Amino acid sequence: MRKSTVDLFYEIRIILIFGKLIMAKRKMTEEQRQAAIERLAKARAAKSPAQYKNIHQSVLDLDPDHWRSMHKVKEWIKNAKARAQTEQQSHRMGDKGALARVMTWKAYVNDLDNYLKTGDYTSDFSGMNMESRVQRRCVAMAYYPNGKPKRDIGTWYPDVCATWTPDMENDEREQFGMERLDYTPEGHILVQREDAPKLTKTGKKKREMTPEQKAALVERLAKARAAKKNNK
């Protein structure tokens with residue numbers, strides 16, 4: 001029984017496919033193996049190093065083990081995006097606090113992306129899960145008109161070689177003849193209720209009218225009422 005052209009075609013195709021699968025690995029001599037190794041080494045050496053055009057040079061210059069190295073920060077970004085996505089799903093399921101956590105993780109991603117591009121680390125936190133708080137350091141002093149340095153609680157200053165505290169701030173304010181301030185445990189200025197600015201309601205002033213304007217207004221109202229009765 002003669003086979004059709006289609007059957008022969010499929011048999012040849014099957015033979016070719018299985019022939020590729022069972023084809024034995026080519027045996028190489030020791031000289032050929034060494035030559036192949038040398039060719040691969042030359043190809044790797046000739047390959048240009050990876051270029052990171054969107055990464056700031058100061059970030060690229062950091063040691064790979066540095067806590068702000070490019071590879072570590074990229075891992076933080078990857079984890080933060082995954083956490084934001086997880087919290088987004090929790091928000092859809094009705095978790096009330098999930099939306100705030102979504103915004104927190106997204107803000108962290110934005111800060112890290114900005115750091116890779118500019119080299120300026122602006123986030124208050126660091127680490128895979130924002131577990132570490134960043135210690136801010138002053139590099140240039142600024143002053144008020146009376147000569148008192150402008151300072152932030154929790155920032156390290158070179159003129160005192162220490163992290164600024166509320167007690168240090170109040171002592172310095174007294175030296176410059178300024179009133180002491182009350183602070184919360186977190187270092188924020190505590191505003192007393194009596195010192196808080198009071199909001200005053202400003203009512204709309206009634207427009208003063210001349211006798212002629214009042215008479216004209218009464219006439220218009222009378223006409224409006226008469227027209228309304230006629231329409232009924």
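Do we find that CYS138 is in contact with a Phe, Trp or Tyr (Cβ under 6 Å, 6 or more places away or on another chain) and at pLDDT 90 or above in this structure?
Criteria met by CYS138.
Determine, yes or no, whether ARG26 is assigned to a helix (DSSP H, G or I) and either surrounded by 10 or more Cβ atoms within 10 Å (Cβ to Cβ) or modelled with pLDDT under 90 (or both).
Criteria not met by ARG26.
Out of (1) in a loop (DSSP other than H, G, I, E, B); (2) at pLDDT 85 or above, what's the single condition that is false for GLU31?
Single failed check for GLU31: (1).
Among what's in the stretch 88-127 and is among the basic types (Lys, Arg) and in a helix (DSSP H, G or I), pick the residue that is surrounded by the fewest Cβ atoms within 10 Å (Cβ to Cβ).
Among those residues, the one meeting the criterion is ARG92.
The values are calculated or read from the model by the stated rules, or taken from the named source; none is laboratory data. In this text, all values refer to a predicted model and were calculated from it rather than measured experimentally. For neighbour counting, all protein chains shown are included, and Cβ atoms are generated from backbone atoms with ideal geometry for every residue, glycine included.
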